Each structure stands twice: as structure tokens, then as C-alpha cells.
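See below for the structure under consideration.
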Amino acid sequence: MADPIDKQESATSHPKRRPRPSKPKGGESITAWLMIAPAALGLVVFMIVPFFMAFYFSFTDTRLMSPNPPEVVGLENYKQLLGIKAISMEPWIDAETGEYPRSRTILRSEEYKGERLQELTQVNLLGARYLVAAGDPIFWQGLLNNFKFVLMVVPLQTAFALLLAILINQDIVGANVYRALYFTPVVVPMVVVAVIWFFLYNPGVGTINTFVQAVTFGLVGPQDWLADPKLAFLCIMLVSIRQGVGFQMVIFLAGLQEIPQEIYEAASIDGCNRIQEFFYVTLPQLRNTTIFVVIATTILAFQLFTQVDIMTGGGPSNASMTTILHVVNEGRRQLRAGYASSITVVFFLIVLVISIIQRVIVREEKAVT
């Protein structure tokens, strides 16, 4: 007869394996497929099918409202879109100063060695002039603006949203009122928000100019915010941050309310002050929330279109042009559907690569923790 102690040791040394989850029955599988069918159908109809259609049209010269049937042009659209060259030319001297300027930007279309390229910039380097030309400089300008927008808006909007969430998470009078005030722009359509800010930026009697003149006692005159190439895109960034910060604020607020109060009490007993609690308690506990906010904000930032189209139309001098606006201009306004499709395909691949990089970084962080 075996000793009970031996039985107990054998039981502890060989723990029972967890039972494998049972496979769903036939009826449950059918119910699950029926539940996801509407979302899957919408994904196929409005995303997958249009992408493959755009991929096909990108190899053609399809034009909207054209009586001529589309013809396959191969990689011509992509050559024009991605073509960029540096051409060596004779150095030029500034007629006014007699010096060799570093660079100047001239957007014009010319014929260079049989290719139709548009001049991006000219650079004087080591006594030689190099002309940087591209088949579609507006695409490169829009892509550059997209990355500027993401790199500036995503960190600032995330930081402001976290700050607002911490402030309204305090036990203060009228906290719900503040939450509503900060969240209200999120539920207002971007078209309405852009029109309101367009009037706020009015160079004559706009509220912002009136405020600036008042606080500077008239020393700073009216500024044409949306007509200045240096200020137009910054003004659009401000609009976007104000309109979207409420959404991230609510997500951070939900994350803050999920942090157990016992953790803060333990940190207080250990002698942590408020700043130490923020960096060693709040931020680590909000890690997953922050990752979600950053990824979601990045995706929305690359979709920048409405406020630019309404407030500046991509101007002045393409200073606020974006990739999506360029697609709309080429496809709907210039009726070049084939070329616009090539832009969407390239832009989709760029955003896809960025999303994959973000996912890899997130996985590495999870593996470390």
C-alpha cells in the first residue's frame, strides 16, 4: 500500500495540466460567423475591393468623364510620382548681392533630357549648382507635411490629453462641466470646426487678431494667418490638436480611474512626492493606454484632409498640402483617376510600413516587461 505522503508528493510534483478549451459547437460557430458577417462585409466592400481596384487603375491612364477607354500604361504613373533627380548645372549668382546663394525654391515644369520634371530646389554646393527635380514635387511636399504633422501633433496632443485627464480626475467642483467643455469639439463635425476657425483666423476682424492686438496694446498688427506660408500649417496643427484632444483625454481618464488607489497609498508611505508618483506609478500603469492613444492618433493624423481643404486648400504655395488632398485634387478635380490611384497605393504602403514598425516596437516593450 502506497504511503499517503508519497501520493501527495507525486501529485505536487506532477501538476495537472490545464484542460484545453473546448471547440465551439456547430451552432455556436454559425452564430459567431453571423455576428462578424456585417463588419467583414463592410471591410471587404469598402476597403479591400477599393484597394485592389485602385491597384489596377494605377497601371492605367483612366480619366473620369472621358469618352476614351482607359489604356494600360504600365509603370508610367509610378515613374512620374516617384521620379526624382539631381542635375548638375552652371552656378548662378544673385544679381542683387553678387553672392552665391545657398538655395532657392522654384516650382516650374521644364523638359530635362527628354523627361518632364518639375523643379523642386536649386542648391549651390562647392562652386556648382545642382537642380533637384521631381516628376511630382507636390506629392513630396504633401508627404513631408504629413510627417511634420504626425511628428508634431501626436506628441503634443497626447501630452495635453494626459494633462487634462489628470486635472479633471481630481475631486474638484464642476469636474463634469470641464469634461464636457473639453470633449465637445470631438462630437462636432470637422467641417464645422474648420469653418469656425477660418473666421477666427480672419486677417481683419478675426477674434484671434483682436486678442493679439489687445494683449500687445496694438504693437502687433493684424496677421494674415492662413496666407502666410510659415504660419498656415501651424495654424492647422493648432486646430487639429484642439479638436481631437478631448477624445484622447477621455481614454486617459478611463485609464486613470482603473489604477488602484492602493498603489498611490503605498507610494505615499514610501515617501514619493507627486512628481515621483507620476513617473513611477501613473505612467507605468497607463502604458497600454498610451500605446493605444499614440497608434490611434498617428493613424488619424495621416488622414489629414478636411481642415486643410476648407481653410487653405493646400496653400499658400503648397505650404499646407497633404497627400490625401493631393489625391483628391488629381482624382476628382483634375479627373486623373489612374494617377490618383498610384498615389493612394504608394501612400497606403508607407502607412502600412509605419504601422508594422509601431507593432514591432510595442511587442518588444511587452517582451521586456
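The values are calculated or read from the model by the stated rules, or taken from the named source; none is laboratory data. All values reported here derive from a predicted model rather than from experimental measurement. Every residue, glycine as well, gets a Cβ built from its backbone with ideal geometry; the counts of neighbours run over all protein chains shown.
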Looking at the range 76-85, is at least one residue within 32 Å of the chain's Cα centre (by Cα), part of a loop (DSSP other than H, G, I, E, B) and modelled with pLDDT under 90? yes
Could you please give the count of residues in the range 204-220 that are touching a residue at least 12 places away in the same chain (Cβ under 8 Å) and exposed (fewer than 15 other Cβ atoms within 10 Å of the Cβ)? 1
Failed condition for Leu143, given (1) in contact (Cβ under 8 Å) with a residue 12 or more places away in the chain; (2) over 17 Å from the mean Cα position of the chain (by Cα): (2)
Among the listed residues Gly255, Gly204, Gly244, which satisfies the condition of being small (Gly, Ala, Ser), assigned to a helix (DSSP H, G or I) and under 21 Å from Thr312 (Cα atoms)? Gly244
Considering the range 171-187, residues that are aliphatic (A, V, I, L, M) and over 12 Å from Phe247 (Cβ atoms), and then whichever is surrounded by the fewest Cβ atoms within 10 Å (Cβ to Cβ), we arrive at Val173
